[in-house]
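Structure record follows, encoded as structure tokens.
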Amino acid sequence: MSTGRLTIDLQAIAENWRALDACSAATVETAATIKADGYGLGVGPVARALAAAGARTFFVAVAEEGAALREALGPGARIFVYGGHMPGDTDMIGDLGLIPMLNCIEQLTRHFEALPGAPFGVQLDSGMNRLGMEPAEWAAVRDLVMRQGPHLVMSHLACADEPDHPMNRAQLRTFREMTRGLGVKLSIAATGGTLLGPDYHFDMTRPGIGLYGGRPFEGAASVVRLSLPVIQIRDVAEGEPVGYGNTWTAGRPTRLATISAGYADGIHRALSNRTRLFHGTTPCPVVGRVSMDLITVDITDLDGDPQALDLMSTMQLVDEIADAAGTIGYEILTSLGPRYVRRYIGITP
Ligand SMILES: *Cc1c(COP(=O)(O)O)cnc(C)c1O
């Protein structure tokens with residue numbers, strides 16, 4: 001086999017959901033955000049594992065993802081769509097019973113006209129300036145919208161991964177003002193907000209990244225192992241260059257393994273000369289540039305020649321790779337490419 005193997009621990013995902021569920025009171029529902037194909041890990045298996053753990057409500061980014069999720073979970077699950085009701089979405093939303101979070105007056109009008117009486121939620125902008133209705137816009141339509149009976153009114157925090165950031169309190173205050181006296185289910189917390197404490201929990205939390213083992217959920221169980229096969233091994237003499245652009249030169253006689261994976265598989269080129277792969281517990285530095293399909297790794301310090309090396313495992317979590325690449329775990333996970341063989345362990349998918 002010449003492509004990498006991505007092993008996804010569904011039991012760990014279920015454990016992470018239970019741990020995040022335990023952060024809020026029993027009266028607070030813990031939903032699950034599984035947009036972008038379950039953060040790159042495969043929406044079907046991830047969704048079924050979460051449903052088995054007890055999740056009943058799911059969030060996706062767009063209606064098409066909602067359709068895939070409905071197919072995976074069947075009619076019982078409640079599926080909200082953050083992106084709302086876009087032109088062309090009506091049949092999917094109506095036929096599959098998706099619940100759009102309506103983000104603006106245009107979407108409200110589209111939904112009420114195309115699918116009168118169909119369920120919906122409302123997204124409010126409490127300061128992030130990305131999605132949702134702003135205070136003045138909301139004030140103008142609030143009474144009309146409330147007569148239609150939204151299933152959920154939500155907002156999203158811009159700085160929840162920084163607990164002391166004043167933006168958190170500011171958004172909380174704005175959200176409370178915008179929702180005072182509504183008598184409807186409310187939600188503002190993703191993973192970060194779930195960890196900020198009960199002020200942020202309202203009626204529902206909707207974590208994503210924490211389920212998949214990423215920051216800011218520091219105690220998360222490790223979910224992903226990425227094991228990459230060695231294609232070729234060679235010895236290079238001191239002074240010989242390696243890879244495109246000669247960015248690395250052997251400072252000693254070096255045994256070099258060439259690995260079958262590259263930036264086309266989501267191993268960012270920014271990781272060139274900046275990360276390591278593991279053989280068991282022994283780190284082996286990436287030397288030279290990451291190319292499209294290949295990486296070169298210094299294995300001089302190993303006892304024998306490996307058949308595969310791990311980029312991600314309990315030895316090196318997704319956020320360590322993200323730090324080395326100058327990005328966040330979310331981007332590393334959602335970049336994991338289609339060439340990997342995805343294998344699920346822990347729970348039958
Ligand atoms: C992606 C997203 C979430 C989940 O966020 P995490 O940080 O992954 O927990 C929640 N709410 C909204 C609106 C989102 O876009």
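Every number here is computed from the coordinates shown, using simple stated rules; none is lab data. Keep in mind it's a predicted model, so treat the numbers as computed, not measured. So basically every Cβ, Gly included, is an ideal-geometry build from the backbone, and we count neighbours across all protein chains shown.
One residue stands out in the stretch 161-186 among those that are out of contact with any strand residue (DSSP E or B) (no Cβ under 7 Å at 6 or more places or on another chain) and of a type in the set (A, V, I, L, M): the one that is nearest to Ala31 (Cα to Cα), namely Leu172.
Screening Gly193 with (1) within 17 Å of Thr314 (Cα to Cα); (2) surrounded by 24 or more Cβ atoms within 10 Å (Cβ to Cβ); (3) within 12 Å of the ligand (Cβ to nearest atom) gives one miss only, at (1). Residues of the stretch 12-46 that are part of a helix (DSSP H, G or I), in contact with a Ser or Thr (Cβ under 8 Å, 6 or more places away or on another chain), within 13 Å of the ligand (Cβ to nearest atom) and among the small types (Gly, Ala, Ser): Ala36 alone. Can you tell me which of Gly214, Gly210 is over 23 Å from Met101 (Cα atoms), of a type in the set (Gly, Ala, Ser), within 14 Å of the ligand (Cβ to nearest atom) and within 16 Å of the chain's Cα centre (by Cα)? One residue alone meets the criteria, Gly214. For the stretch 279-321, a residue qualifies if it is within 12 Å of Gly266 (Cα to Cα) and free of Cβ contacts under 8 Å to residues at least 40 places away in the same chain, and the qualifying residues are Val290, Met292, Asp293.
Give the residue, chosen from Pro216, Pro198, Pro207, that is touching a helix residue (DSSP H, G or I) at 6+ places or on another chain (Cβ under 7 Å) and surrounded by fewer than 23 Cβ atoms within 10 Å (Cβ to Cβ). Of Pro216, Pro198, Pro207, the one residue that is touching a helix residue (DSSP H, G or I) at 6+ places or on another chain (Cβ under 7 Å) and surrounded by fewer than 23 Cβ atoms within 10 Å (Cβ to Cβ) is Pro216. Given the structure, is Arg142 loosely packed, with under 15 Cβ neighbours inside 10 Å and among the charged types (D, E, K, R)? Spelling it out, it is not the case that Arg142 is loosely packed, with under 15 Cβ neighbours inside 10 Å and among the charged types (D, E, K, R).
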